[in-house]
Amino acid sequence: MEIQLKDLLSKLTSRSLKHKVSILCIVLLISTSALLYTTGIVFSCAFGSAMVILLTTLSRKLIGVVYEEPINWSNQVVVISGGSNGIGRCAVESFMQYGAKVAILDINEPKYDINEKTCKYYECDIGDNAQITRTVNDIVETLGKPTVLLNNAAIVLIKSILDSSVEDFDRVSYLGSVYLTRAILPYMIENNSGHIITIASMLAFSGIPNCVSYCASKAAINIFFEGLRFELAQTKGGENIHVTTIFPAKVTTNMFSGVEVPQTLIPNTTPEQVAERALKSVLEQEGSDIFMPITGRLSIPLMCFPRFVRDWCHSILDVASSTKHFDGNKW
Ligand SMILES: *[C@@H]1O[C@H](CO)[C@@H](O)[C@H](O)[C@H]1NC(C)=O
Ligand SMILES: *[C@@H]1O[C@H](CO)[C@@H](O)[C@H](O)[C@H]1NC(C)=O
């Protein structure tokens, strides 16, 4: 108890406004709830929820606007895997607009206009560790040490488990993100700053027939970055490195064309929206889990239900036929 109190006091007096604001929130919340309890449970619950929403919004605003120094974009070196098409392309264009230096890693050359002075294409197969090492060394020499990494490259396989090779299960989508993160992380730790953003998927929390390799790779990605986040928090030079994971449902790129998801519950997301959200997380200088749309978050609690409930959900959402008309993986 004594240690906890000391810990609390040191956090309260620490220079981090983030800690102060969160402790202030807790104290305010407890005291108002206690006060309001005398006026009735229903009113106090409503007031308590309103306070939570108000204070969390306020603390985010305070931390984002008042405390953090604004990003000096001319010092940012943003590495984007799969930057020639889809979400990657939109992200390249957004970061370029802000004046960051951008490294595009892809097997296909970008077919859109890039600012040659600040933006460079590196031909690189993300699933090949040797190519990644070579490319990252090249980036450090030509653009500088990476400060932002967007793990975006992925492939979708719509195949039965027996028709998929074992390599399909993890090569580009999972191992690619791991190789690239491992190659870039030392530069971020050296400066105790940086932001790693990864495009996972809502499918990290649900297995779809004929799409198992993709779901499994996204599930692996989710846990890899969740674990990395905790590991960095206790690594010297890693405490200030932000980790963001984005979980989109269906993104309207050619990669997923023909995939059908129920629009009323899980509306489609555009690649522009995903790219904007990635940029926003860098601006906020805070890592988070982002579900696009927010209803995608429901796939997490669904896993807690027994099988018959999950089976029932799959059948009413007609998940089995969602990939029947798949015509994607094209650029
Ligand atoms: C941003 O960084 C550049 C290069 O290090 C420096 O010249 C410039 O003054 C910085 N801008 C601001 C607003 O701090
Ligand atoms: C080092 O971190 C500072 C902010 O903490 C940032 O402005 C700068 O661009 C970073 N430099 C490198 C080389 O990563």
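Each value in this text was obtained by applying a stated rule to the coordinates, not by laboratory testing. This structure is a prediction, so every number in the text was calculated from the model and none was measured. Cβ placement follows ideal geometry from the backbone for every residue including glycine, while neighbour counts extend to all protein chains displayed.
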Difference of contour (0.36 nm per residue) and Cα-Cα distance, residue 43 to residue 72: 5.8 nm
Using a cut-off of 14 Å between beta-carbons, work out the net charge of the residues near residue 277 (Lys and Arg +1, Asp and Glu -1, residue 277 not included). -4
Testing the spin-label approximation: label points 7 Å from Cα along Cα→Cβ at residue 116 and residue 182. State their distance in nm. 3.7 nm
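For region 245-331, take the alpha-carbon Rg, divide it by the Kirkwood Rh, and send me Rg/Rh.
Values: Rg = 14.8 Å, Rh = 14.5 Å.
My calculation puts Rg/Rh at 1.02.
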Restricted to pairs 8 or more residues apart or on different chains, the lysines in region 73-296 with C-alpha atoms under 13 Å apart form a number of pairs equal to 4
Could you state the per residue volume, in Å³, of the convex hull enclosing the Cα atoms of region 24-160? 196 Å³
Most exposed first by the Cβ proxy, i.e. fewest other Cβ within 10 Å, how do 51, 96 rank? 51, 96
Per DSSP H run of n ≥ 4, the term is -39500 (n - 2.57); total these for the chain, divide by its residue number, and report the mean residue ellipticity at 222 nm rounded to 500 deg cm²/dmol. -14500 deg cm²/dmol
Length gained if residue 97 through residue 162 is fully extended, taking 0.36 nm per residue and subtracting the Cα-Cα distance, is 18.9 nm
Just need the relative contact order of the chain here, percent rounded to a whole number, with Cα pairs under 8 Å and 6+ apart. 15 percent
Sorted from largest down, what three extents in whole angstroms do the Cα atoms of region 108-232 have along their principal axes? 45, 37, 25
Compactness index (Cα Rg / 2.2 N^0.38 Å), the chain: 1.10
